[in-house]
1. Taking the Cα-to-Cβ direction at Val237 and at Glu316 and moving 7 Å from each Cα, how far apart do the two end points lie in nm?
2. Given all pairs of different Cα atoms, what value in angstroms does the Kirkwood hydrodynamic radius of the chain take?
3. Read phi for every residue in the stretch 312-328 and hand back ³J(HN,Hα) as whole Hz from Karplus 6.51 cos²θ - 1.76 cosθ + 1.60, θ = phi - 60°, with x for Gly and Pro.
4. Run the numbers for Glu93 and Asp73: contour at 0.36 nm per residue of separation, minus the present Cα-Cα distance, in nm.
5. Which entries in the list Lys203/Lys263; Lys95/Lys354; Lys27/Lys110; Lys198/Lys414; Lys203/Lys243; Lys226/Lys414 go over 23 Å, if you measure between the two C-alpha atoms of each?
6. Given a Förster radius of 41 Å and the C-beta distance between Glu376 and Lys82 as r, what FRET efficiency does 1/(1 + (r/R0)^6) yield to the nearest 0.05?
7. Normalise the Debye intensity by I(0) for the stretch 4-159, one equal point scatterer per Cα, no solvent, then take log10 at q = 0.12, 0.15, 0.16 Å⁻¹ and round to two decimals.
8. When the Debye formula is applied to the Cα atoms of the stretch 224-332, each taken as the same point scatterer, what base-10 log of I(q)/I(0) results at q = 0.22, 0.24 Å⁻¹?
Amino acid sequence: MKALVTASIAILLSTAAYAVEPTGSDKFNTDPGFDLGTLSADNFYDVIVPLAKKEGTVTFYDFTDSFGPLFNDRFIPEFEAKYGIKVEYVRGEDKAANQQLIAAHNSGSKAPADAYFVSSGSLPLLGGEGVVANVPLHKLLPSGAALDPAIATVTSGIDHGGTFLPFHRNQTGIIFDTRTVPADTVPTNLDSLAAWAKANPGKFVVTSPAGGGSGSGLMQAIAFAKVTDAACRETFVQWNITKTEADAFAASDCMTPVWDYYKDILPSIEVTNGNSDTLNLIANGAGAIGTAWEDMAYDFTGRGLLPPTVRQQLLEEGQVGGGDGLFLPVNGSNPAAGLLMLDFLMSKEIQLEKLSAVGSRSARTDIDPAQSFTPEQVARLIPTEQFKERALARMPAVLNDQLAAYFTANVLRK
């Protein structure tokens, strides 16, 4: 009997040691009808799968248009087949959905969905309104163990402690057509790129920072590389910056090296109003090097909208990226099924499938495209080592927007 008691205590202590604790509080802000404080990655499936199957359904919200085919044709049918749980798939405009969730929370009603996929820009609002369950998902979900802990716990400067899962990662970069620019001659840094642009007028196609994310991504990359003053660089991570402060920074001496770089190359480059416009000029041979989103260029090449001779790279100074994520809402109708859906979407199999289908990167550290994809697919992506070493976190959205506005009004137009 003594040995049995001792063994029981050891098991309890082991369970307590690995059970998740609420993030940023001494108690969980949601009551799912089961004890979150006894859950761990080790017992997750034993506890959650039976509860989720008993709930029988899960409502999943998606803020995008682009991921619709993946969810409808692949992920949702695969989840339903694996667990026998019906998925109600809801897509809609993100601002309206955010307000609907907040209104339901404030009225004491159930959340409209059980699991959410939203833009990272929504996190400050949703977190501030208390509608995100304070559960460290990267620790609780078995699929969370392989996530890069820095990406899994911090989004756009917000340390959320793992309550917001990095489902979709995107990356800005440079594309080039090897028919015109062989891989061993392509410019690999900003200075050599400027020199190439001036030697090949009209062949470097740059999306306007105010017209598309690949353009603002290049602008941020130039700023990270050319702005060396430590005090100036502090602004790049000032996540609470106001529009007024961002406007002043754009016009300050801090940004002079960035605007000088653009003034140097503007006479020689083609500036477009959107990401697709840039890719189309590369596709028809009007341009040879351009700014791009990795996932968009990967998709265009796979669908034959870009020639198979197109390749992607990150400049040596680094280029910026970001992403969007998943969370468990407070007071969902089917919380166990919601957790199971989140774990499923962050699994290695689904993250690999997502990368293969649309070029959407993963925060999982155990994914190497070269080990899983065809050589043709690998060739459509930024080289893995470059992605690991040169990917940078993007600037605050407010700062980016005002820098882009300044560029348009005071650099491009002049």
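The values are calculated or read from the model by the stated rules, or taken from the named source; none is laboratory data. Remember, predicted model here, so these are calculated numbers, not experimental data. All Cβ positions, glycine included, derive from the backbone under ideal geometry; neighbour counts span all protein chains shown. Just so you know, the surface numbers come from the protein's heavy atoms only, side chains and all, with ligands and any DNA or RNA stripped out. Shrake-Rupley method; radii C 1.70, N 1.55, O 1.52, S 1.80 Å.
1. 2.5 nm
2. 22.9 Å
3. Per-residue couplings from phi come out as 10, 8, 10, 5, 4, 6, x, 9, 8, x, x, x, 10, x, 10, 8, 8 Hz.
4. Working: separation 20, 0.36 × 20 = 7.20 nm, distance 2.09 nm.
Full extension from Glu93 to Asp73 adds 5.1 nm.
5. Check vs 23 Å cut-off fails for Lys95/Lys354; Lys203/Lys243.
6. Values: r = 29 Å, r/R0 = 0.71.
According to the calculation, E is roughly 0.90.
7. Values, matching the q order: -0.63, -0.99, -1.13.
8. -1.23, -1.31
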